[in-house]
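Worksheet: one structure, shown below.
The values are calculated or read from the model by the stated rules, or taken from the named source; none is laboratory data. Nothing here was measured: the structure is a model prediction, and the numbers come from that model. Glycine gets a Cβ as well: all are built from the backbone with ideal geometry, and neighbour counts include every protein chain shown. Note: accessible area is taken over every heavy atom of the protein model, side chains too, but ligands, DNA and RNA are not part of it. Shrake-Rupley method; radii C 1.70, N 1.55, O 1.52, S 1.80 Å.
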Amino acid sequence: MSSLRLAYYDLSPELLQGFRTIKQELEESPLGLALIELVYLRISQINGCAFCLNKHSQSLRENQETERRLSELAGWRVSGQFTLREKVALEWAESLTHVVTTHADDYAYLPLKDHFTDKEIADLTFAIALMNGMNRLAIGMRQ
């Protein structure tokens with residue numbers, strides 16, 4: 001296990017507070033915390049952030065998420081455990097997480113319009129950006 005490179009949360013508390021404010025606002029989003037946490041967990045799987053994997057899988061379990069859905073999240077495309085709305089959100093999350101190769105193409109964006117309001121799409125995009133940022137802090141600083 002690597003040791004913490006820098007205590008970024010102590011060195012830049014005002015910047016971290018900005019991330020926390022976004023997180024708190026998202027908890028009130030019409031998306032619902034269950035979907036947001038599911039997206040956070042999938043992004044953390046892709047990025048390989050052990051700290052965030054533990055945090056978000058624990059949060060989902062505390063909110064009665066099933067072990068089967070947690071186990072099948074990495075294979076959501078072929079799993080029958082996820083709703084179409086969840087799959088559209090997960091596709092968008094993956095598209096933005098892999099933006100260097102996907103360029104956030106319309107194939108990932110346009111289906112959102114059938115399942116989410118414009119505000120929900122904006123909130124979802126903020127959630128995806130937030131988790132990717134948090135993953136990069138945790139991984140980069142070896143949290």
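Below, the figures for the structure above:
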{"read-out": "Enumeration of residues in segment 47-61 that are of a type in the set (Gly, Ala, Ser) and open to solvent by 40 Å² or more (accessible area, probe 1.4 Å)", "value": "Gly48, Ala50"}
{"read-out": "Criterion: modelled with pLDDT of 95 or more, under 20 Å from Arg142 (Cα atoms) and of a type in the set (Phe, Trp, Tyr) - qualifying residue of Tyr8, Tyr40", "value": "Tyr40"}
{"read-out": "Test result for Glu37, closer than 22 Å to Met134 by Cα, charged (D, E, K, R) and without any contact (Cβ under 8 Å) to a residue 40 or more places away in the chain", "value": "yes"}
{"read-out": "Subset tally (residues that are polar (S, T, N, Q) and in contact with a helix residue (DSSP H, G or I) (Cβ under 7 Å, 6 or more places away or on another chain)) for segment 13-48", "value": "4"}
{"read-out": "Residues (in a helix (DSSP H, G or I) and either in contact with a strand residue (DSSP E or B) (Cβ under 7 Å, 6 or more places away or on another chain) or open to solvent by 10 Å² or more (accessible area, probe 1.4 Å) (or both)) located in segment 27-36", "value": "Leu33, Ala34, Leu35"}
{"read-out": "Selection count, segment 110-129, where residues are surrounded by fewer than 20 Cβ atoms within 10 Å (Cβ to Cβ) and touching a Phe, Trp or Tyr at 6+ places or on another chain (Cβ under 7 Å)", "value": "1"}
{"read-out": "Top-ranked residue of segment 65-101 - restricted to ones that are more than 17 Å from the chain's Cα centre (by Cα) and surrounded by 13 or more Cβ atoms within 10 Å (Cβ to Cβ), ranked as farthest from Pro30 (Cα to Cα)", "value": "Ser79"}
{"read-out": "Contacts under 7 angstrom Cβ, first residue in segment 106-117 being within 14 Å of Ala93 (Cβ to Cβ), partner open to solvent by 100 Å² or more (accessible area, probe 1.4 Å), 6 or more apart", "value": "His115/Leu84"}
